[in-house]
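Below is one structure, written out as structure tokens; the observations come after it.
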Amino acid sequence: MLLVWALSAPAQDAVPSAARVTIAAAYTEDLVEEVRFIGRGEAAARSDLIARVTGFVREVAVADGAAVEAGDTVFRIESDRYEAARAAAAAELAGATADLELARIELDRKTALVAREAAPQSELDLARAAVAAAEAGVAAARAALRQTELDLGYTVITAPFDGRLGRIGVSPGAYVGPTTEPLATIVQQSPIYVAFSLSEGQLVDLLQQVQTDIAGLTGRGAAPLVSLELPNGTVLEERGRIAFLDNRVDPETGTLTLRAEFDNARGLILDGAFVNVRIQAARPVPRLLVPQAAVQRDQRGDFVLVVDDTGHVEQRHITLGRQAGTAVVVEEGLREGESVILEGLQRVRPGVPVEAVLDGRRPAER
């Protein structure tokens, strides 16, 4: 009896049952197309603060790295001698004005005398010349006073725009002037630019991906949105726009320069920092998707195992696009609704029958 059982056991195993697999249908979803580049933050404005008059620094009014507003005082240079120069120039102007008044009085007197033929015409001509010289003296004195006022004003160095200072290069008591090193550098942080470069081919790919043209790329209407991935991997909440596209290809690098503008309200984009730029189309387009877990790869490329209408496994090579969460875009090789094996891949091969169980999870949960 044992012998009969031993001989009959292989006969029963010769008809294996179909392997059980979990499948998911290829589905279509509206996606916003995007392309990515590496960019670098560029301040919209940058300025070196330089002393325009010579003197000793009396006060450094801010700290290293301070945020300042346009007009805020940053440095004060000793102003005593410039105040004295202004006072002297004001006195010179007062003297020149008095000389002009005297010359005009003399002109009036000479005019009356000549009219009565009590003085020669030459004296009247000299009086007129004296008035003209006095008027020139007043103008020169007024210009000298204006220059002293400018010099005095230059002893207070203010921020030219809203921004953030770098390292302060001087201390109180330092002697500075127009030929010394910059006292500090200020950069504007809001708004800020992010510059990046791409080749001609990449520009064409970009225009095709976001479905626009050169004019639409920098336009205000349906222009593509620009987002950033910060150096720590997080995505910046605010969105930017492409504000500049160069009009020629750099012959040395073979690339064009683009510049995106961001409000940078929180100051998270820094001048000189490297970031990942994402350019998104203004309108979503339908794309065919399958779960990333269903995709395998061999020497020919990417493929999925499809369960056909007869319940048999078919190997299907596909062309993939970008990843979208836990799914991936299929450009070619698959149709909407076709069933791909998601779990149990190691138990099957092309041509074998399977028992397919539909995965009940939503695409976002896979």
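To the nearest ten degrees, helix 2-13 and the longest principal axis of the Cα atoms of the chain are 40 degrees apart. Look at the alpha carbon pairs under 8 Å that are at least 6 residues apart: their mean separation over the length of the chain gives a relative contact order of 27 percent.
Taking mean projected area of the Cα convex hull in nm² as calculated from this structure, the corresponding entry among (1) 36.3; (2) 23.6; (3) 40.4 is (1). Helical runs assigned H by DSSP (4 residues or longer) give the chain a calculated mean residue ellipticity at 222 nm of -9000 deg cm²/dmol, each run adding -39500 (n - 2.57) before division by the residue total. Among 247-253, 258-264, sorting by the average number of other beta carbon atoms lying within 10 angstrom of each residue, highest first, gives 258-264, 247-253. For region 126-263, the square roots of the Cα gyration tensor eigenvalues, ordered a ≥ b ≥ c, give a/c of at least 1.5 with a/b greater than b/c, which places it in the prolate category. Take the chain with all the other protein chains still there, run a 1.4 Å probe, and you get 58 Å² of accessible area per residue. The relative contact order of region 307-366 comes to 42 percent, based on Cα pairs under 8 Å that sit 6 or more residues apart. Think of the chain as having a plus end and a minus end, set by charges on the Cβ of Lys, Arg, Asp and Glu; of 70, 182, 235, 235 sits farthest toward the positive end of this dipole. Against the chain, whose longest principal axis is taken from its Cα atoms, helix 121-153 shows a tilt of about 40°.
How far, in degrees from 0 to 90, does helix 200-209 lean away from the longest principal axis of the Cα atoms of the chain, to the nearest 10? The angle comes out at about 70 degrees.
About its Cα centre, the dipole of the chain is roughly 300 debye, where the only charges are +1 on Lys and Arg Cβ and -1 on Asp and Glu Cβ.
Between the C-alpha center of region 110-175 and that of region 21-46 there is a gap of 64 Å.
The values are calculated or read from the model by the stated rules, or taken from the named source; none is laboratory data. What you see is a predicted model, and the numbers here were worked out from it, not measured in a lab. In this analysis, Cβ positions are derived from the backbone assuming ideal geometry, glycine residues included, and neighbour counts consider all displayed protein chains. To get the accessible areas, we keep the full protein, side chains included, count just its heavy atoms, and leave off ligands, DNA and RNA. Shrake-Rupley method; radii C 1.70, N 1.55, O 1.52, S 1.80 Å.
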